[in-house]
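Right, one structure below, let's go through it.
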Amino acid sequence: MMRHLLAGTAALLALATPLAAQDVAITNATLATGDASDPVQGATVVIRGGQVVAAGPGVAVPAGMQAIDGTGRWVTPGLFSAMTTLGLSDVEGVQDSNDERAPRSPFSAALDVQTALNPASESVSVVRAAGITRASVVTRPASSIFGGQGAVVDLGADPRMVVRPRAFQLVTLGEQGGAIAGGSRASAHALLRNALREAREYGRDPALTGGGQARAVDTGDDIPLDPRLVDTQSARRDDVLLTRFDAAALGPVVSGRQPLYVMVERAADIRQVLALRQEFPALRLVLVGASEGWLAAEDIARAGVPVIADPLDNLPARFEQLGATQSNVGRMARAGVKVAIGNMTGGTGDQPRNMAQYAGNLVSLARVPGGEGLSWGQAFAAISSVPAEIAGFANRYGVLRPGAAGDVVIWDGDPLEVGSTPLAVYIDGVEQPRDNHQTRLRERYRDLDTADQPKAYDF
């Protein structure tokens, strides 16, 4: 009993102790830089001070630096999980341990995912072992069409998880949004537009904010206050639908300082989302799901709106997905749409660690008659540099180039092949532990000698 207690204490101490970045070079490896280019052979990656300082063929190893022979290995940037619920539940089916949704909350847009994140969640360690080093995490819409404010996180084995809090806002439209808003897409759009107008008005109208100077929530500009409107206890209009907290949270969305991630599937719904800019021109839109995105691909590309797509939707699970096809991602990419593979939450079929496999499926699809997939470089970028760019970290995460974060993964083979496994994972130049509950169970039950007592009785 005491031995188990000491082991648990040591694990907690290790989690709380900051780790130092390592200076290391990986040589003679197959290199994928994450920028949609093809892999190159015989390359070297140099990490110093937590950053990549060099990557490519012919790179010399600095004198005195530790060198790892990567012969027969692949080296890539860490993968980036675009929009997930990682770190928000211990057991998804047990509500007491599940913070992925807030179905009875009085707040909506003001929900801030960073307050619910658990860096010690087993789901984080499992995904880290799969080569995923960064993620955009968000709570899912439940009682409102708004899911709240998501955060960009790193998946390192330390308690400092959040890289950028309140990084984006999430809203759902289409069938789910219509159901939440009163039973119709029209109601969901009316609710969304009203919320954005309230946020804009709340930030600019001193009669709603009160005080001698009203500071615009969405721009930060000082607004002169009309003395006739001074009322430090002023109430908002009687017909508002948002709390002050929710209205303030949407201010950065209206001003374009915070991206708005919109969950939508049907082509007609996608076009309605793009039309929001006619009234709110500063909106920085990101489409999530977009099963019928290929039917509106030219419109999406023309608007310059990126997409986080479910990678292999090929059957109409709902009426809004009647046009779903495995070629969706490839067709959008061919039309010039910036597409990331994501929206993988943690269920059996959509665990974030499966995204490398799904990217590989899209490479194979390009070789199927009539199918439209991605090249190897495009597919890998869709799980590395593209989601990082959508999250606002272009050239920082998901790439191996000078100045990028030292998020590096060494694989035993092609990372898009289902049988390949990470041999080492670095985040900011720190080598990460790859053991987790699943690997410990594997080792515990590797010996299946039926003469032994059940493992639960071992002391």
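Taking the Cα centre of the range 371-447 as origin and charging only Cβ (+1 Lys, Arg; -1 Asp, Glu), how large is the dipole, in debye to the nearest 20? Each step should come with its number before you reach the end.
Details: 7 positive and 11 negative charges, 42 e Å.
Here the size comes out at about 200 debye.
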> Spin-label point model (7 Å from Cα, Cβ direction): what's the Glu122 to Ala20 distance in nm?
Replying inline: 3.4 nm
> What percent antiparallel are the DSSP beta bridges of the range 37-196, to the nearest 5?
Replying inline: 75 percent
>> If you average the C-alpha positions of the range 48-113 and of the range 415-429 separately, how far apart do those two centres end up, in angstrom?
In response: 12 Å
> How far apart, in nm, are the 7 Å Cα→Cβ label points at Arg367 and Ile68?
Replying inline: 2.9 nm
>> Under 5 Å between amide hydrogens, which residues at least 5 positions from Ala67 or on another chain qualify, with H placed 1.01 Å from N in the peptide plane?
In response: Ala25
>> Based only on other Cβ atoms within 10 Å, what is the fewest-to-most ordering of Asp310, Asp269?
In response: Asp310, Asp269
> Taking other Cβ within 10 Å of each residue's Cβ, how do Trp294, Trp376 sort, fewest first?
Replying inline: Trp376, Trp294
> Using a simple spin-label model with points 7 Å from Cα along the Cα→Cβ vector, what separation in nm is obtained for Tyr445 and Gln41?
Replying inline: 4.2 nm
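Throughout, read-outs are computed from the coordinates displayed, never taken from laboratory work. Owing to the predicted nature of the structure, the values given are computational and were not obtained by experimental measurement. Note that we place each Cβ from the backbone using ideal geometry, even for glycine, and neighbour counts take in every protein chain shown.
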